[in-house]
1. Kindly provide the set of residues from the stretch 43-53 that are closer than 15 Å to CYS11 by Cα and in contact (Cβ under 8 Å) with a residue 24 or more places away in the chain, ordered by number.
2. What is the one condition in (1) at pLDDT 95 or above; (2) surrounded by fewer than 10 Cβ atoms within 10 Å (Cβ to Cβ) that LEU65 does not satisfy?
3. When both residues are 6+ apart or on different chains and their Cβ atoms are under 7 Å apart, which pairs have a first residue that lies in the stretch 16-42 and is aliphatic (A, V, I, L, M), and a second that is open to solvent by 40 Å² or more (accessible area, probe 1.4 Å) and modelled with pLDDT of 95 or more?
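The values are calculated or read from the model by the stated rules, or taken from the named source; none is laboratory data. The model shown is predicted, which means the values in this text are computed figures rather than measured ones. We place every Cβ from the backbone using ideal geometry, glycine too, and count neighbours over all the protein chains shown. Surface areas here come from the heavy atoms of the whole protein model, side chains and all, with no ligands, DNA or RNA. Shrake-Rupley method; radii C 1.70, N 1.55, O 1.52, S 1.80 Å.
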Amino acid sequence: DSQINQCCEECGELIAALNHWRRGRGTCAQSAEEVADNQLMNAQMRLLFGPQLVDTIYYEKLLRLNQRIAAHKEASK
C-alpha cells in the first residue's frame, strides 16, 4: 500500500510540474526530475503487478502506437 501511495504522489507531482512548465512557471529540469521519479516508481509498480503482465501489455500498446504512426505517415503522403 505504501508504494502505491508513493506512486500516486509522484504522479501528482509530475502533473503539477508539467502544468507549471506549460504555463512558464517551471523549468524543463524540474519536469525532467519528476519524469525520472515516475520512471523509478513505474519500475517498482512493474515488479509489484508482475513484470510479464506489464511487459505484455506494454508491447501490445507499443505495437498499436507504431501502427497508428505508420497509418498517419501513409495518410500524410
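1. Across the stretch 43-53, the qualifying residues are GLN44, MET45.
2. In the conditions (1) at pLDDT 95 or above; (2) surrounded by fewer than 10 Cβ atoms within 10 Å (Cβ to Cβ), LEU65 misses (2) alone.
3. Every condition considered, the pairs that remain are ALA17/GLN30; MET41/GLN6.
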